[in-house]
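Okay, structure first, notes after.
The values are calculated or read from the model by the stated rules, or taken from the named source; none is laboratory data. Because the structure is predicted, anything quoted here is derived from the model rather than measured. Here the Cβ is made from the backbone with ideal geometry for all residues, glycine too, and neighbour counts use every protein chain on show. Calculation scope for accessible area: heavy atoms of the full protein, side chains included, ligands and nucleic acids excluded. Shrake-Rupley method; radii C 1.70, N 1.55, O 1.52, S 1.80 Å.
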Amino acid sequence: QVQLVESGGGLVQAGGSLRLSCATSGRAFSTYAMGWFRQAPGKEREFVAAMSSSGLSTSYSDSVKGRFTISRDNAKNMVYLQMNSLKPEDTAVYYCAARRGSYSRDPLMYDYWGQGTQVTVSS
């Protein structure tokens, strides 16, 4: 069992930056691939970024590529999402998720989820 707790969300102006953190508990964190997803009001949950268990491989959605960076610290059981050049369309609740094996862009493939953290970008 893995517990995930996100933090770092908030209100920021367009062009600003935020760093989301995801604290994990449970055993064998380094064996889990991690993903970040987001959900805006009235929309489906969408893929943002993912990272392999080793941290050597990453994937980003086209909408955030070049602006967001996913990272992890296996020694601290932490995952991060650095978000730069934020846009109003980035406004959403952001979730981190974990799964055994390879990372996936499909939220249905993830077994564990945090409660989410709100990110609001004003224009």
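What length, rounded to one decimal in nm, is gained on full extension from R100 through to S85, with 0.36 nm per residue of separation minus their alpha-carbon distance? Walk me through the numbers on the way to the answer.
Numbers: separation 15, 0.36 × 15 = 5.40 nm, distance 3.15 nm.
Full extension of this stretch gives 2.3 nm more.
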Q: Would you kindly calculate the translational diffusion coefficient of the range 1-69, applying Stokes-Einstein with the Kirkwood radius from alpha carbon pairs, for 10 °C and a viscosity of 1.306 mPa s, and quote it in µm² s⁻¹ without decimals?
A: 115 µm²/s
Q: State, to one decimal in nm², a quarter of the convex hull surface area for the C-alpha atoms of the chain, i.e. the direction-averaged projected area.
A: 6.7 nm²
**Q.** Convex hull of Cα atoms in the range 22-61, direction-averaged projection (nm²)
**A.** 3.5 nm²
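Which length gain, in nm to one decimal place, applies between E44 and D73 when the Cα-Cα distance is subtracted from 0.36 nm times their residue separation?
Working: separation 29, 0.36 × 29 = 10.44 nm, distance 2.89 nm.
Length gained, E44 through D73: 7.5 nm.
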Q.
Please enumerate, by chain and number, the lysines with C-alpha under 22 Å from the C-alpha of K43, excluding those fewer than 8 residues away in the same chain.
A. K65, K87
Q. At a 1.4 Å probe radius, carbon and sulfur cover how many percent of the accessible area of the chain?
A. 48 percent
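FRET efficiency for T120 and Q1, Cβ-Cβ distance as r, R0 = 22 Å, nearest 0.05? Walk me through the numbers before you get to the answer.
On the way: r = 31 Å, r/R0 = 1.42.
Efficiency computed from Cβ-Cβ geometry: 0.10.
Magnitude of the Cβ-charge dipole of the range 28-114, K/R +1 and D/E -1, about the Cα centre, nearest 20 debye?
On the way: 11 positive and 8 negative charges, 26 e Å.
Dipole of the range 28-114, to the nearest 20 debye: 120 debye.
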Q) Taking a label point 7 Å from the Cα of S30 along the Cα→Cβ vector, which residues of the range 92-123 have an amide N closer than 16 Å to it? A) 101
